[in-house]
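Some notes on the structure that comes next.
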Amino acid sequence: MKQSMPERPSPSALALTPLLLFLSLFFGVGLYFTLQGEEMGFYRLQAPVAALPALALGAWLLWRRGGRALDTLLEGMGQPNVMLMVLVFLLAGAFANVSRAIGAVDAVVALGLGALPPELILPALFLVAGFVSLAIGTSMGTIAAVVPVAVGIADAAGLDMALVLGAVVGGAMFGDNLSIISDTTIAATRTQGARMNDKFRENLKLAVPAALATALLLAWAGEVAPVQAPVQAPEAAPAWLVAPYVLVLALALAGVNVVVVLAIGLVVAGVMGAFAPGSYDPVSFGSDIYAGFESMVEITLLSILIGGLAAMTRAAGGLEWMSRAIARLARGGRSRRMGEASIAALAAGSDVLTANNTVAILVSGELARDIAARHDITPRRAAAVLDVSACVAQGVLPYGAQILLAGSLAGISPLLIVGKVWYCWALAAAAAVAIAWPRRSVAPPPAQNAAQSRD
């Protein structure tokens, strides 16, 4: 199917209203019931249901502009990136459920609690997630592998579940943002004509201070009394049951595709279940796989619907309007600060609209490069600001894939995690300080820019 809308539609601020409607319903209803004293107020209206009125409004707005609303919706829902996320969600849910059923989580918890003092559990989870993500270049694969272990440790140690998940998500975003094999890093450097190693060094100036601050905050939080009574892991769980997690992490670090990693981990967990204490047969294995699928229904539906909503918003001119508005703002001044702030706003705004940091970088890259040239910003600096800003937005989006996956694996609302992803908030502060900090312009001459663009 082909869309009748052009690739660069005429800008329209009205095209942003469907997303605003979704956010208003998603946050508004949950906040209302929470203020009424309900502990589970944010569960009264499920996110996929809140997306339906937004989809209807988006389809109507696109139809009014002469676009093929249904075709655009279906294309957005069926994008390869969306379907890949759905497959990862399902496999992650199945692997987590089967591993829990055979006792693998209990084995990991027993080992983890015995090796680490309670106050170091949070920073350790942050650093482990950061290392894994840096090595494999994907935050989603990291979250799928680390969260099940983190959930078991959080329960056993009596830690705040949202804070534990925030530590893992933050570590995953830290590694993904810096990894040289991450798709966001590749997209940022290619769109800005920067060398990979130059962008990495520029990125370190922002990411390392934020990571150190986060680790210290998490260490401090680990010393605070637990918010819930600890639940002791069964001591009888054999230590060899940690093998599925070790295998998953090893395959991930070896660079194997996340779908293959989770599929192999699922099969190995099922086979090991046959030798674990208790009766774990093929029927139980199949039932646990399907139960894992069921636990991911909400996140799967929301990802598909948000993909369609983002496609209609883009086709109706919402993204184009935002890009031009930021470009006009950037041209209002010639300072480096104005240029970098405009690039940051462009990347973050694009991510809010698309809920995908790689897509956000790709769609805003050309305009960001133009802004960088106008304001004497080096390609490596523009690439770093572009990647960091998209990372910050993606890491705190309650409807972003990372927080949705973590929340689904732990069984808590994504809205409870947003404020606990301390790394992304620290990274935002570090980026803001770096942008505002006075320094001499060091833009390379045009010939160097051209040479970098060919790398």
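Just so it is clear, none of the values below were taken in a lab; they were calculated from the coordinates. All figures in this text were calculated on a predicted structure; none of them were measured in a lab. Methodologically, a virtual Cβ is constructed for each residue, glycine included, from the backbone with ideal geometry; neighbour enumeration extends over all protein chains shown.
Data table
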item	result
Net +/- balance of residues flanking residue 274 in space, Cβ distance below 15 Å, scoring K and R +1, D and E -1	-2
FRET efficiency for residue 376 and residue 32, using Cβ-Cβ distance with R0 set to 41 Å, rounded to 0.05	0.25
Relative contact order %, the stretch 239-354, counting alpha carbon pairs below 8 Å whose residues are six or more apart	17
Cα gyration tensor shape of the stretch 313-396, rounded if a/c is under 1.5, else prolate or oblate by comparing a/b with b/c	oblate
Euclidean distance between Cα centres, the stretch 146-197 to the stretch 345-370, Å	19
Spacing of the two label points (7 Å from each Cα toward its C-beta) at residue 281 and residue 301, in nm	3.4
Summed side-chain charge close to residue 287 - residues other than residue 287 whose Cβ falls under 12 Å, Lys, Arg +1, Asp, Glu -1	-3
Alpha-carbon centroid distance for the pair the stretch 117-133 / the stretch 419-437, whole angstrom	20
Length-normalised contact order for the stretch 379-420 - Cα pairs under 8 Å, 6+ apart - percent	30
